[in-house]
Each structure stands twice: as structure tokens, then as C-alpha cells.
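None of the figures in this text is laboratory data; all of them are computed from the coordinates on show. Quick caveat, the model's predicted, so the values are computed rather than measured. Virtual Cβ from ideal backbone geometry, glycine too; neighbours counted across all protein chains shown.
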Amino acid sequence: MASKDRIGFVGLGNMGAPMARRLAAAGYALTVADALPEVEQRFAAEVNCERAASLAALGERCQVVITMLPNGAIVREVLLGTNGIAHRLAAGSVVVDMSSSSPIGTRELFADLAKLGIPLVDAPVSGGVKKAADGTLAIMVGGDPEPIARVRPVLEVMGKVFLTGASGTGHAMKALNNFLSAANLAVAAEAVIAGERFGLNPATMIDILNASTGRNTGTDSKFPNNVLPRTFNSGFALGLMAKDLRLALEVARSSGAPASLLEMCSQIWSNAEQQLGAKADNTEVVKYLESLVPPRPAGSGGRHA
Ligand code: NAD
């Protein structure tokens with residue numbers, strides 16, 4: 001990437017803000033935009049950057065555009081909608097979508113941007129808010145080699161780059177990773193709820209699972225940090241995980257791959273989203289599963305402390 005290139009960063013939410021903060025700290029010139037003016041204002045008050053006058057103006061100012069938005073439909077709208085960024089980008093500029101977007105939608109967007117002479121790189125991330133702040137995200141990168149080489153130094157400020165192949169493969173990899181992440185939490189929750197009903201202590205169960213073959217990211221991270229303390233504050237919304245599971249299903253169904261566990265997992269998150277709302281924390285899926293347990297018969301004892 002040429003040192004004079006300016007980065008346009010769109011989406012300053014839970015993940016976008018710490019990622020853009022790292023880019024500014026690494027010395028990149030930044031132009032930022034968010035749909036919520038107060039979010040944009042808060043970010044610009046603490047980080048050296050300029051606020052975009054409009055999406056079109058961001059397109060005129062920047063040679064690299066990074067999107068960190070809720071989903072691929074919003075990414076498409078921001079880039080190709082009326083007064084969207086892509087219409088104003090100079091040919092040879094690069095768009096990097098770091099959101100968790102639909103892999104199939106990404107391939108369509110790749111083709112549509114190519115008609116304007118603009119390469120699209122998909123570079124979704126895993127690691128959550130803490131790793132975004134530390135610059136230690138796993139970044140799954142799909143697209144053509146030349147634009148990837150151009151933006152690689154920028155990506156390396158935010159985490160470790162893994163090349164996944166052609167356009168859309170980064171987004172497919174991310175959706176499939178989140179299937180495993182969600183399934184880990186769901187199986188841990190079902191085991192703990194069943195064990196507690198049988199008389200086991202949940203905290204003891206988690207200690208034993210983490211010293212045993214049942215260990216996973218649900219038992220070694222989400223239960224101790226977010227579920228047992230009942231803080232449910234992972235910084236990743238339930239609605240975003242439900243979306244990722246639908247995207248993983250899209251990937252599996254596109255090839256007819258077996259997906260019975262994935263279907264069950266997606267159903268659990270969709271039900272939880274309906275009960276608790278999309279803005280609930282994704283770890284609150286445990287509350288949804290707890291709500292399915294019938295009340296104890298009178299006189300049979302209560303929950304463990
Ligand atoms: P978030 O909801 O906290 O942030 C999204 C931001 O995008 C918000 O500030 C919102 O105002 C802004 N936005 C929405 N529509 C916009 C538009 N049309 N124009 C400009 N800005 C717009 O979400 P997040 O948790 O930061 O997640 C962002 C993406 O990263 C999602 O695709 C998510 O699935 C993925 N992701 C999240 C995490 C996590 O732990 N939170 C981890 C990995 C990947």
C-alpha cells in the first residue's frame with residue numbers, strides 16, 4: 001500500500017472502533033463514517049482522524065475502504081447505493097469488507113465492483129472486542145492476490161492474516177467458524193443445565209470440563225467470563241450470531257453438505273433471538289435454553305448458588 005493512501009473506515013461499532021483505533025495508532029490517515037453521528041463523534045473526539053462529510057466524499061478522499069458493518073446487504077448499500085462510496089472511488093482503489101457478510105453476496109459484490117475497476121477483498125475476523133483492541137484478530141482473507149498484497153500491511157496492524165482463496169472464501173470460513181463457536185456454547189449450556197438439574201454445581205462442572213476432554217470455547221471462555229458471573233457481556237450480539245449461523249447454512253446448502261447439527265444450532269439461535277431480541281448478548285442464548293427447563297416439583301430444592 002502506498003504510504004500516501006488514506007483509509008476510509010465505515011462502521012465504528014463494538015469491533016470497528018478498536019480496529020480503526022489501531023490503524024490510527026499505526027500512523028494511517030483515516031476518514032471515518034458511521035450511520036450514528038454520536039458514535040462517529042465519540043470516535044473522532046479521541047482518535048486522530050477526519051469525519052466523512054458523506055459516503056460519497058469518503059469515496060473521493062480514500063484509496064482503501066474498510067467496511068465493518070452488521071451484514072453484507074448493508075455493505076452493498078454503502079458501496080453501491082445512491083451516493084455510495086464505490087461510484088466515487090478512483091480505479092485501482094481497494095475495498096476490504098471485514099464484516100461477517102454472506103459469502104454468496106460477496107461473490108456478487110466482487111463481480112459488480114469489478115465492473116467499476118475496483119477489487120473487493122473479503123477479510124472477516126474472529127477474536128472479539130478484546131483481540132480487536134490488541135491487534136490479535138484472526139483475519140480470513142479471500143480475493144485476488146494483487147489487491148490482497150496491497151492491503152496486507154494494513155490488515156497486519158489488526159491481526160494475523162490467513163489466506164483462504166478466491167472471493168467469498170474468507171466469509172465462508174468465518175461463518176463456518178462461528179458455527180463451531182455457537183455449537184460449543186450450546187453443548188456446554190445443555191450439559192451444564194442437565195448436570196445442575198441432576199445435582200451438580202455449574203462452576204465445579206466447568207472446572208472439571210476444562211481439565212477433561214469436554215473442554216471447548218464455551219467451557220474455557222464464555223462460561224467462566226460471561227455466563228457463570230451472569231454478566232452476559234461478550235460484546236457480540238445474539239442477532240449477529242444468528243445471522244452467522246444462517247450464513248453457514250447458506251454455505252452448506254450451496255453444496256448439499258450434511259448440516260443436521262448446523263440446522264439445530266441455527267434454530268436454537270433464531271428462537272433465542274425471537275425471545276430475547278437481536279441486541280441481547282450472544283451468550284444470553286444460555287438464558288433461552290434455561291427457560292426451556294420445566295419448573296422443579298415443589299420441595300425438590302433450588303438452583304446451586
Ligand atoms: P455493531 O452493531 O457494534 O457495529 C456496527 C456499526 O455499523 C454500528 O456502529 C452502526 O451504527 C454502523 N452502521 C450500521 N449501518 C450502517 C450504515 N448503513 N452506514 C454506516 N454505518 C452503519 O457490530 P459489531 O459487533 O462491531 O460487528 C460488526 C461486524 O463484525 C458484524 O458483521 C459482526 O457479525 C462481525 N463480528 C463481530 C464480532 C464481535 O465480537 N462483536 C466479532 C467478529 C465479527
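Give the calculated FRET efficiency between Asp112 and Ser255 to the nearest 0.05, with a Förster radius of 30 Å applied to their Cβ-Cβ distance. Intermediate results must be reported in sequence, preceding the final value.
On the way: r = 23 Å, r/R0 = 0.78.
Approximately 0.80, to the nearest 0.05.
Using a Förster radius of 41 Å, what is the FRET efficiency between Lys160 and Ala298 based on their Cβ-Cβ separation? Nearest 0.05, please.
0.15
Across the chain, how large is the tail of the calculated P(r) beyond 31 Å, expressed as a percent of all Cα pairs?
Numbers: 15550 of 46360 pairs.
Within the chain, distances greater than 31 Å cover 34 percent of Cα pairs.
Compute a Gaussian network model of the chain, connecting alpha carbons closer than 10 Å, and tell me which residue from Ser181, Ser255, Ser270 fluctuates the most.
Comparing Ser181, Ser255, Ser270 in the GNM, the peak value goes to Ser255.
Would you order Leu200, Leu240 from fewest to most other beta-carbon atoms within 10 Å of each residue's own beta-carbon?
In increasing order of surrounding Cβ atoms, one gets Leu200, Leu240.
If I fit a long axis through the Cα atoms of helix 238-255 and take the longest principal axis of the Cα atoms of the chain, what angle between them do I get, 0 to 90°, rounded to 10?
80 degrees
Identify which of Met140, Met264, Met98 has the largest mean-square fluctuation in a Gaussian network model of the chain, with springs joining Cα atoms closer than 10 Å.
Among Met140, Met264, Met98, the largest GNM mean-square fluctuation belongs to Met264.
Considering the options Gly92, Ala248, Pro153, tell which one lies farthest towards the positive end of the dipole of the chain, charges being +1 on Lys and Arg and -1 on Asp and Glu at the Cβ, about the Cα centre.
It is Pro153.
Of Asn184, Pro119, Leu109, which is farthest towards the positive pole of the chain's charge dipole, taken about the Cα centre with +1 and -1 on the beta-carbons of Lys, Arg and Asp, Glu respectively?
Asn184
Within 10 Å of each residue's Cβ, count the other Cβ atoms and sort His87, His171 from fewest upward.
His87, His171
Take the Cα of Thr136, step 7 Å along the line toward its Cβ, and report every residue of the range 157-198 whose backbone nitrogen sits under 19 Å from that point.
157-162
Restricting to the range 7-165, what percent of DSSP beta bridges are antiparallel, rounded to 5? Don't jump to the answer; show the numbers that get you there.
Numbers: 3 of 26 bridges.
Within the range 7-165, antiparallel bridges account for around 10 percent of the total.
For the chain, which longest stretch is free of loop sites, where a loop site is one of the trypsin sites (Lys or Arg not before Pro) that DSSP puts outside H, G, I, E and B and that has at most 11 other Cβ atoms within 10 Å? List each step's numbers first, then the result.
Details: sites that count: Lys4, Lys115, Arg230, Lys279, Arg303.
For trypsin sites (Lys or Arg not before Pro) (loop position, at most 11 other Cβ atoms within 10 Å), the longest site-free span of the chain is 116-229.
Out of the chymotrypsin sites (Phe, Trp or Tyr not before Pro) in the range 220-294, which ones are loop residues according to DSSP with at most 15 other C-beta atoms within 10 Å?
none
From the backbone phi of the range 94-105, what are the Karplus-calculated ³J(HN,Hα) couplings (6.51 cos²θ - 1.76 cosθ + 1.60, θ = phi - 60°) in whole Hz, Gly and Pro given as x?
Karplus values, whole Hz, x for Gly and Pro: 10, 9, 10, 9, 9, 5, 8, 9, 5, x, 6, x.
Any idea what the dipole of the range 172-291 comes to, in debye rounded to 20, about its Cα centre with Lys/Arg Cβ at +1 and Asp/Glu Cβ at -1?
Dipole about the Cα centre, nearest 20: 180 debye.
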